[in-house]
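We did not get these values from a lab; they are worked out from the coordinates using the rules stated. Please read these numbers as outputs of a predicted model, since none were measured by experiment. Backbone-built Cβ (ideal geometry, glycine too); neighbour counts: all protein chains shown.
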Amino acid sequence: MSSKLRIAILASGTGSNAEAIMRYFEHSKEIEVVCLGSNRKMAGALEKAIKFSIPSFYQASKKNESRENFDLRLIKKLEMYNPNWIVLAGYMRMLTPGFLQHFKYQIINIHPSLLPLFPGANAYEQAYSAKVLQSGCTVHLVDEGMDTGKIIAQKSFSLLPNDSLSDFKQRGLKIENEFYPQVINEYLLNQKSSVRGAI
Ligand code: GRF
């Protein structure tokens with residue numbers, strides 16, 4: 001049986017980060033992407049999973065369904081792939097405490113700002129409107145708060161004088177796509193060796 005670390009991706013949108021992660025780990029000997037789940041039927045991320053032959057699923061929210069119940073159903077689907085880590089790549093739902101506990105808080109996210117600045121939705125828009133000269137992205141662990149978990153790594157980039165919002169976002173997303181898989185790789189392998197070292 002393979003001893004690779006198994007990561008499950010959750011994504012709601014275009015999926016440029018999901019794609020970058022699937023590409024990065026495609027031939028890895030140590031980490032594999034085992035599935036991709038989405039709460040949006042039309043999410044581009046689902047198409048990208050097909051391209052990389054990664055099993056994928058869409059989970060719709062039922063009418064009047066509680067967040068807890070949605071996440072319980074999601075846990076059941078994810079557990080079919082037995083993941084060690086959950087990686088959020090533009091996943092636009094807050095995870096419930098039950099979900100976080102089930103996966104022992106082994107959940108990673110990327111946020112498009114230098115946290116703690118500009119948490120929440122539309123962080124690029126927030127940073128652009130505030131005209132901050134140094135922007136960036138943050139890879140962090142997920143906890144119960146909104147983008148409040150422990151910071152793993154950050155990468156900054158400048159707002160250039162003639163940047164439109166779209167230039168700024170495009171440059172940021174390109175940096176995210178390079179940075180996120182590298183940070184996941186390094187962090188997970190470090191965690192693995194420190195757990196082994198403790199035994
Ligand atoms: C990224 O900016 C990410 O930081 C944020 O949502 C966006 C997702 O983009 N959480 P994509 O779907 O990965 O292209």
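When only alpha carbons are used to place a centre, the range 1-43 and the range 126-199 end up 17 Å from one another. Classified by the C-alpha gyration tensor, the range 1-89 has an oblate form. Its axis ratio a/c, with a ≥ b ≥ c, is 1.5 or above, and a/b does not exceed b/c.
GNM on the chain, alpha-carbon springs under 10 angstrom: the most fluctuating residue among Pro116, Pro161, Pro181 is Pro161.
For the range 60-199, a/c is not less than 1.5, where a ≥ b ≥ c are the root eigenvalues of the C-alpha gyration tensor, and a/b does not top b/c. That puts it in the oblate class.
The DSSP beta bridges internal to the range 1-109 are antiparallel in roughly 0% of cases.
Taking a straight Cα-Cα cut-off under 19 Å and skipping sequence neighbours fewer than 8 places away in the same chain, the aspartates and glutamates within cross-link reach of Lys62 are Asp71.
Of Met22, Met92, Met146, the residue with the greatest mean-square motion in the GNM of the chain, using alpha carbon springs below 10 Å, is Met146.
Quick one: of the DSSP bridges fully inside the chain, what percent are antiparallel, nearest 5?
Beta bridges within the chain, antiparallel portion: roughly 40 percent.
Rounded to the nearest 20 debye, the dipole size of the chain about its Cα centre is 440 debye, using +1 on the Cβ of Lys and Arg and -1 on the Cβ of Asp and Glu.
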